[in-house]
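Down below is the structure, laid out as structure tokens.
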Amino acid sequence: TDTYLITKANKVGTDWYGESTRTAPLKEYTLDVAGGSANTTYALQLGYTDEQGIFKFTGFNRFNGRLNVNSNPVKWMEVGATVGTVFTTDYGYQTDNGESSMVSWCYRLPPMVPVYDIMGNYAGSRASGMGNAQNPLFLLDKNQYDKTKQMTVSGTAHVRLNLVKGLSVQSLIGINQYGYFQRNIDYVEVAAAERGTYDSYGETAGSGYNWTWTNTIEYSKIFGQHSFKIIGGSEAYDNQS
């Protein structure tokens, strides 16, 4: 069905960058709450970001939250914890800055090629002498349902003991847990010079976690105008995915 593609040359010239981009709004909302008492302090932050890409059908959104708590139940002890989570979604045609990026397609496809052929389908580079670029509008449209979702939960907890003047010990553990999901849908661009053969659908998912456990002992002393400090410690780390 794609043997007889009829495409009229655009004598005015197609502004591929102008056709592919848009005015993209950014919305960001944050809520910060902090307080406490003489011995305990806390801080809570919640946020939401919705950012549309300057290229059509692309964007990014994020939900995030974070809670910090620190307390001194007695003069010689400090305890604290931090926990945070981030959930992000990227959607649309997402690539790096290589030759298959959207900016690259915009300047590689000759302006003589129109956006559509005479039947209203996306035009492309199949005509002789038009190079091998792809139609950026085709890619943006057909990849608008591609998504990458990721969620990360991380936190730390610590306890610090001031045993005697100048001598303290601290133990801190940090944990990071993450998971992600990707969906990619590719369609054959029949009007492209180097067209593929098959449409495709792919999904990828993964998860992992890592933790770090740090223990330190510190001693400091002041002699007149001189200060002396020595620190020793150990650290353990594990990562699995």
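The values are calculated or read from the model by the stated rules, or taken from the named source; none is laboratory data. Everything numeric in this text was worked out from a predicted model, so none of it was measured. Neighbour counts run over all protein chains shown; Cβ positions are idealised from the backbone, glycine included. Ligands, DNA and RNA are excluded from the accessible area calculation, which covers all protein heavy atoms including side chains. Shrake-Rupley method; radii C 1.70, N 1.55, O 1.52, S 1.80 Å.
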Notebook entry, point to check: Name the residues in the stretch 218-234 that are more than 12 Å from Gln170 (Cβ to Cβ) and either assigned to a loop (DSSP other than H, G, I, E, B) or open to solvent by less than 50 Å² (accessible area, probe 1.4 Å) (or both), would you?
Noted result: Ser220, Gly224, Gln225
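Restricted to the stretch 87-121, and to residues that are farther than 30 Å from Gln45 by Cα and among the charged types (D, E, K, R), which residue is least open to solvent (accessible area, probe 1.4 Å)? Spell out how you get there, then give the answer.
First, pick out the residues of the stretch 87-121 that are farther than 30 Å from Gln45 by Cα: 93, 95-121.
After this cut, where a residue has to be among the charged types (D, E, K, R) as well, the list is 96, 99, 108, 117.
Working: Asp96: 105, Glu99: 136, Arg108: 74, Asp117: 20 Å².
Looking at the filtered set, the residue picked out is Asp117.
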Next item on the list: Six or more apart or on different chains, Cβ under 7 Å: which pairs go from a residue in the stretch 86-98 that's under 17 Å from Gln52 (Cα atoms) and among the charged types (D, E, K, R) to one that's open to solvent by less than 50 Å² (accessible area, probe 1.4 Å) and in a strand (DSSP E or B)? Could you list them?
Entry: Asp90/Phe60; Asp90/Thr148
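Looking at the stretch 124-164, which of the residues that are within 30 Å of Asn72 (Cα to Cα) and hydroxyl-bearing (Ser, Thr, Tyr) is farthest from the chain's Cα centre (by Cα)?
Of everything passing the filter in the stretch 124-164, Thr156 is farthest from the chain's Cα centre (by Cα).
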Note to self: Suppose we keep only residues that are modelled with pLDDT of 95 or more and open to solvent by 70 Å² or more (accessible area, probe 1.4 Å) within the stretch 63-86. Which one would you say is nearest to Ile185 (Cα to Cα)?
What the structure shows: Phe63
Next item on the list: For the stretch 29-41, state whether one or more residues are surrounded by 15 or more Cβ atoms within 10 Å (Cβ to Cβ) and not charged (D, E, K, R).
Entry: yes
Next item on the list: Name, by its number, the condition in (1) open to solvent by less than 50 Å² (accessible area, probe 1.4 Å); (2) without any contact (Cβ under 8 Å) to a residue 12 or more places away in the chain; (3) in a loop (DSSP other than H, G, I, E, B) that does not hold for Gly18.
Entry: (3)
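Identify, please: which residue in the stretch 28-39 is at pLDDT 95 or above and not charged (D, E, K, R) and is, among those, farthest from the chain's Cα centre (by Cα)? Spell out the reasoning first.
Quick first cut of the stretch 28-39, residues at pLDDT 95 or above only: 28-35.
After this cut, where a residue has to be not charged (D, E, K, R) as well, the list is 29-31, 33-35.
Values: Tyr29: 18, Thr30: 18, Leu31: 21, Val33: 26, Ala34: 28, Gly35: 31 Å.
Applying the filter and picking the extreme gives Gly35.
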Check: Within the set of pairs 6 or more residues apart or between chains, which connect a residue that is closer than 14 Å to Thr30 by Cα inside the stretch 56-71 to a residue that is open to solvent by 60 Å² or more (accessible area, probe 1.4 Å) and of a type in the set (A, V, I, L, M) with Cβ atoms less than 6 Å apart?
Finding: Gly65/Leu46; Leu67/Leu44; Leu67/Val83
Next item on the list: Any chance you could count how many residues in the stretch 157-192 are open to solvent by 60 Å² or more (accessible area, probe 1.4 Å) and either among the hydroxyl-bearing types (Ser, Thr, Tyr) or at positive phi (or both)?
Entry: 2
Next item on the list: Those residues that are open to solvent by less than 50 Å² (accessible area, probe 1.4 Å) and modelled with pLDDT of 95 or more, I need them from the stretch 193-217; list them, please.
Entry: Gly202, Gly206, Gly208, Asn210, Thr212, Thr214, Asn215
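Scanning for something modelled with pLDDT of 95 or more, touching a helix residue (DSSP H, G or I) at 6+ places or on another chain (Cβ under 6 Å) and outside any loop (DSSP other than H, G, I, E, B), does the stretch 147-162 turn up at least one residue?
Of all residues in the stretch 147-162, those modelled with pLDDT of 95 or more come to 147-161.
Right, trim to touching a helix residue (DSSP H, G or I) at 6+ places or on another chain (Cβ under 6 Å) and you get none.
No, the conditions are met nowhere in the stretch 147-162.
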Next item on the list: Note down all Cβ pairs under 6 Å where the first residue falls in the stretch 136-148 and is touching a residue at least 60 places away in the same chain (Cβ under 8 Å), the second is among the hydroxyl-bearing types (Ser, Thr, Tyr), and they're at least six residues apart or on different chains.
Entry: Pro136/Ser20; Leu140/Tyr93; Asn143/Tyr93
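Within the stretch 99-116, how many residues are of a type outside the set (Gly, Ala, Ser) and either under 30 Å from Thr89 (Cα atoms) or at pLDDT below 95 (or both)? Explain how you work it out, then say what you get.
Going residue by residue through the stretch 99-116, those that are of a type outside the set (Gly, Ala, Ser) are 99, 102-103, 105-116.
Now narrow it down to the ones that are either under 30 Å from Thr89 (Cα atoms) or at pLDDT below 95 (or both): 99, 102-103, 105-109, 115.
The number of residues fulfilling the criteria is 9.
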